[in-house]
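Student: Please find one structure pasted underneath; my questions will follow.
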Amino acid sequence: MPRGGARNGKQGQAYGNRTDMNAQPVKVGPSQTYGQGVQQQQAQQAIPLPQMPTPGQPVPQMPQPGPLDAATNRPSEPVTSGIASGPGPGPEALGAEPDPVVGLLRGVYAQHPSPDILALLQEAQQKTRG
């Protein structure tokens, strides 16, 4: 006998008490090229689409911004935080590169490490530092 006791439901069918396991049925539109429909069907079977909310079920909403004249939520943070001038941390605090070329070269070097790309990255970093 399988562990965990008796089960309510069968594999591949909807479970009444587990809505997270109820996936959308596989649907494939008319394909443009030969074999495209089979590829779409296999992709949906490999990673099933989540069940859409039923009518009447609450849908989570994005938080709405407050009024512009409201008091700040961060009173000790300078207004200039995140920009390249003024007090407070610069763009590096946001995880953004001040120079887009440096960010691009970092990404390329992460994917394809080579001494030539590293040399370009170091040169671009020195130019942005001054």
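Student: Stretch I117-Q41 to full length: gain in nm at 0.36 nm per residue minus the Cα-Cα span?
Tutor: Stretched fully, the I117-Q41 segment lengthens by 23.3 nm.
Student: Distance in nm between label sites at Y34 and A6, each 7 Å beyond Cα in the beta-carbon direction?
Tutor: Going from the Y34 label point to the A6 one covers 5.2 nm.
Student: Students often get this wrong: which residues of the range 62-83 have the backbone nitrogen under 16 Å from the point 7 angstrom along Cα-to-C-beta of R106?
Tutor: Those under the cut-off are 82-83.
Student: Output wanted: per-residue J couplings in Hz (rounded whole) for the range 71-77, from phi through Karplus 6.51 cos²θ - 1.76 cosθ + 1.60, θ = phi - 60°, x for Gly and Pro.
Tutor: With the stated coefficients, the range 71-77 comes to 5, 6, 8, 10, x, 8, 9 Hz.
Values quoted throughout were computed directly from the atomic coordinates according to the rules given, and no laboratory measurement underlies them. These numbers were taken from a predicted model, which means no experiment stands behind them. Virtual Cβ from ideal backbone geometry, glycine too; neighbours counted across all protein chains shown.
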